[in-house]
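Heads up, the thing below is written out as structure tokens.
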Amino acid sequence: MDQAERLRNIIKQENMKKHLARVITVTSGKGGVGKSNVSVNLAIQLSRLGKKVVILDADFGLANVEVMLGLRPKYNLADMMFHGKSVREILTPGPEEIGFISGGSGIMELANLDKDQIQSLVAMMYELDQLADIVLIDTGAGISDAVIDLVMCSTEVLLVATPEPTSITDAYALLKTMRRQVSFHSDQMSIRMIANRVHTYEESKELFYKLNTVSRKFLQMDMEYMGAIPEDLKLQSAVRKQQPVSIASPDAPASRAMMELATVLVNGAGSKPVRYSKGLSGLLARMFRGSR
């Protein structure tokens, strides 16, 4: 490669970095708390606020997001990594102009990539950074290595919990596992709790108080209270129809709550300053640095 070609490549790389998507990871301590519902409906409401949104379903094997959207993707992340498909080919159009990428088993297979494959994947994700303003990563539930790796490389984490004792216990277990990681730095990560399936505002605040009190006392970790989503029969009905409640019943209490949460994300109300300019390509690059 001559000097002129190297210069052209540098300029191309710098141009690619001008727009990097904001990456928000949605997680939970256990399954069944409505995490994927939150991801899907947040994406729709963020799109209505003028943002270009892509959901990356990293909950491999369960395909909750595609079921809720009523979609059947032709390709997934593994097809891009191993079968020559481009970002645009694996990006499935969804309702309200959101995009969707199925993780397939690709997230698990990240650990087995060689150096050339890693560089290729990170470069491909730069393209996704150009296509989206916000990438929502819907992780698997629990504290598997794949979930922890994704969460630890994120600068913005939304922790979904319900008032059930098992949800609180498992959410704490997730926070405890995060705290034990060598790479954990509280000043480089914003953790916000969403109280789901609550009956009153007071119940949501009590849930946050319980979880934040023990995490602050025993883990020296502070969370922020982001908001609450009420128990809503219309949401359950929408799930049965394979429709996001924000589309099936836009005026339902759960839909309005999702819009409030999306507005908080866009406006940054109550959030400590967090750098989120490294995009999805940056998140993957941090994952690989941490695992090698």
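The values are calculated or read from the model by the stated rules, or taken from the named source; none is laboratory data. Predicted model only: the values in this text are computed from it and were never measured. Here Cβ is always computed from backbone atoms with ideal geometry, including for glycine, and neighbour counts include all displayed protein chains.
Out of the residues in the range 96-120 that are at pLDDT 75 or above and at negative phi, state the one that is surrounded by the fewest Cβ atoms within 10 Å (Cβ to Cβ).
Here is the first cut: in the range 96-120, the ones at pLDDT 75 or above are 96-103.
Narrowing further to those that are at negative phi: 98-103.
Values: I98: 25, G99: 22, F100: 24, I101: 25, S102: 26, G103: 26.
Filtering first and then ranking leaves G99.
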Original post:
If we scan the range 219-236, do we find a residue that is under 19 Å from the mean Cα position of the chain (by Cα) and at positive phi?
Top reply: yes
Subject >> Which listed residue is under 20 Å from L265 (Cβ atoms), in contact with a Pro (Cβ under 8 Å, 6 or more places away or on another chain) and surrounded by 14 or more Cβ atoms within 10 Å (Cβ to Cβ), from A238, A228, A195, A161 >> reply: A195
Original post:
Within the set of pairs 6 or more residues apart or between chains, which connect a residue that is on the phi < 0 side of the Ramachandran plot and without any contact (Cβ under 8 Å) to a residue 40 or more places away in the chain inside the range 20-48 to a residue that is outside any strand (DSSP E or B) and not aliphatic (A, V, I, L, M) with Cβ atoms less than 8 Å apart?
Top reply: none
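Filter the range 1-33 for residues that are of a type in the set (G, A, S) and either surrounded by fewer than 24 Cβ atoms within 10 Å (Cβ to Cβ) or modelled with pLDDT of 95 or more (or both) and give the result.
Residues of the range 1-33 that are of a type in the set (G, A, S), as a first pass: 4, 21, 28-29, 31-32.
If the condition is that a residue be of a type in the set (G, A, S) and either surrounded by fewer than 24 Cβ atoms within 10 Å (Cβ to Cβ) or modelled with pLDDT of 95 or more (or both), then A4, G31, G32 are the ones that fit.
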Subject >> Considering residues of the range 158-190 that are at pLDDT 95 or above and under 18 Å from V23 (Cα atoms) only, the residue nearest to the chain's Cα centre (by Cα) >> reply: L158
Subject >> Evaluation of A123 against (1) touching a Lys or Arg at 6+ places or on another chain (Cβ under 9 Å); (2) under 15 Å from G282 (Cα atoms); (3) surrounded by fewer than 19 Cβ atoms within 10 Å (Cβ to Cβ) (one fails), failing number >> reply: (1)
**OP:** Among what's in the range 34-49 and is part of a helix (DSSP H, G or I) and small (G, A, S), pick the residue that is surrounded by the fewest Cβ atoms within 10 Å (Cβ to Cβ).
**Re:** S47
